[in-house]
1. Can you tell me which residue in the range 131-147 is nearest to ILE74 (Cα to Cα), limited to those that are in contact with an Asp or Glu (Cβ under 8 Å, 6 or more places away or on another chain) and in a helix (DSSP H, G or I)?
2. Regarding LEU91, is this residue aliphatic (A, V, I, L, M), under 28 Å from LEU412 (Cβ atoms) and not assigned by TED's automatic domain parsing to the domain that holds ALA11?
3. Just to be sure I understand, how many residues within the range 11-29 are more than 25 Å from the chain's Cα centre (by Cα) and either part of a strand (DSSP E or B) or in contact (Cβ under 8 Å) with a residue 60 or more places away in the chain (or both)?
4. Identify the single condition in (1) under 24 Å from the mean Cα position of the chain (by Cα); (2) of a type outside the set (Asp, Glu); (3) farther than 19 Å from GLY463 by Cα that ASN104 does not satisfy, given that it satisfies every other one.
5. Of all residues in the range 352-398, count the ones that are more than 13 Å from the chain's Cα centre (by Cα), modelled with pLDDT of 95 or more and among the polar types (S, T, N, Q).
6. Test THR195 against the criterion of being assigned by TED's automatic domain parsing to the domain that holds THR137, of a type in the set (S, T, N, Q) and buried (at least 20 other Cβ atoms within 10 Å of the Cβ), and give yes or no.
7. Quickly run through the range 206-238 and pick out the residues that are touching a Ser or Thr at 6+ places or on another chain (Cβ under 6 Å) and among the charged types (D, E, K, R).
8. Which ones in the range 44-100 are closer than 30 Å to TYR212 by Cβ and more than 21 Å from the chain's Cα centre (by Cα)?
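The values are calculated or read from the model by the stated rules, or taken from the named source; none is laboratory data. Just so you know, these numbers come straight off a predicted model, no measurement behind them. Cβ sites come from the backbone with ideal geometry, for glycine too, and all protein chains shown count toward neighbours.
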Amino acid sequence: MSKTTLAVRGAFLDFTDDPWKAAGRQQDTARFLADGLLVIEDGIIKDFGPYEQMAQRWHSLPERQITHIPGRLILPGFIDAHAHVPQTRVLGKFGNQLLGWLENYIFPEEIKYADRNYARLGTRHFFDNLLASGTTTCQAFTTSSPVATEEFFEEASRRNMRVIGGLTGIDRNAPVAFMDSAENFYRDSERLIQTYHNRGRNLYAITPRFAYGASSELLGACEQLKSKYPDCWINTHISENPSEIHGVLASHPGCSDYLSVYERYNLVGQKFSGGHGVWLSNDEFARIAAAGAAIVFCPVSNLFLGSGLFRLGRATDPACRVKVAFGTDVGGGNRFSMLNVLDEAYKVGMCNSTMLDGSVNPALQDLAEAERNKLSPYRAFWSITLGGAEALCLEDKLGNFLPDKEADFVVLDWTAGPLGMSWHQSLTLGEDGLSSLEQAAQVLFSMMTLGDDRNVDETWIAGKRAYKKAAPEPSLSAVRQK
């Protein structure tokens, strides 16, 4: 069978290294092509480079197989490393911190996902929102119902999206109708692993929801599953909220901190990721780093639920560097857009930087950590592309435009978004558009602090356009002028 080859021409930006390692030369970790060509063969990147060179190398490729996207900036697809599929319908619920919010809004909604039709429609809406936000890969929680997990993987397969997910285990501190036994969790998880893991672009995560909702029996079942299926991921929560942490330590006697609960059951390692990590101690950060595990920073949710300010500067300490991905945490997070995640992450970092600058209280001074909290456009967009892929152990598949990686990417319109943004960008760029890495970085910073999902013009999955923003409706004044 002959292979399908196509190409996309436009302005591209991706990353080849970690900007936190580059000190004053963060721009050296990024690669910008004002006029580039991405060649794709059966959904996989075959070649990439400046258009003039690539046009000679691929002169036999018919013009009809080249899609030219002018006036836009093309990046690798965004990676949302922590989201909850069955919370799509309950975004923006008012007035609670974590535990009360779960009890009043989330558990009652997630129980409904035991109904296949309800789960199917909600899951479709979830993926529609991801694509409209430029997100091409997610790691997601479903519910304690196997039906919800089946619908998650089936819908992802229909769209050919790279996803990580799994049955959510919980057997305490939740409504009776929502909990399930450790035995059932093990049995259903094993069936789902055998059905979906490594089938197409599906990857399975053994998923204890959080230690507060997990008995020793349930965590023991997770340990058995990980031992039997060692190439599976582990996805959970950690140290999100002070009340939750107190509950965890009371529920798991003999554990000195939140992380030690998961360590007791041999769950912390290369493919482990814990969402939030707001209240981790320095010792926990060091142990996570040593294990090669990851934390997922969810600033929109942490602010919306009042959970606290994640110490990004501590997590990126070169002496004990933790892998960090970013996530929306929909629906604790009230946005699907990773651009909004970066906006809030920037603000969290600036607050933490101020608290550490030592000008008011010299005892708090840590200028190196303060600097690492600052989210430049290089650090920001690396974190939701190549950095997110590295944190989830997917860097061999995703994250930049290197050959042999999967051709998932997002096309950004820097003139779209809230009123006034196009005027702001015209001052930044003039009439010639993007011509340098510095300009591209300025545009990206503007999109992450001023923009939102309206800046996403197209989203491509495995070399095929999966989303195109609709043309805006004509204004009433424009209609009258006609």
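1. Ranking the qualifying residues of the range 131-147, first place goes to ALA132.
2. Values: aliphatic (A, V, I, L, M): yes; under 28 Å from LEU412 (Cβ atoms): yes; not assigned by TED's automatic domain parsing to the domain that holds ALA11: yes.
Yes, satisfied.
3. Matching residues across the range 11-29 total 0.
4. Of everything listed in (1) under 24 Å from the mean Cα position of the chain (by Cα); (2) of a type outside the set (Asp, Glu); (3) farther than 19 Å from GLY463 by Cα, ASN104 misses just condition (1).
5. Here the count works out to 1.
6. Details: assigned by TED's automatic domain parsing to the domain that holds THR137: yes; of a type in the set (S, T, N, Q): yes; buried (at least 20 other Cβ atoms within 10 Å of the Cβ): no.
No: the conditions fail for THR195.
7. Passing the criteria: only ARG209.
8. If we filter the range 44-100 for residues that are closer than 30 Å to TYR212 by Cβ, which is where we start, we get 78-100.
Within the range 44-100, LYS93, PHE94, GLY95, ASN96, GLN97, LEU99, GLY100 qualify.
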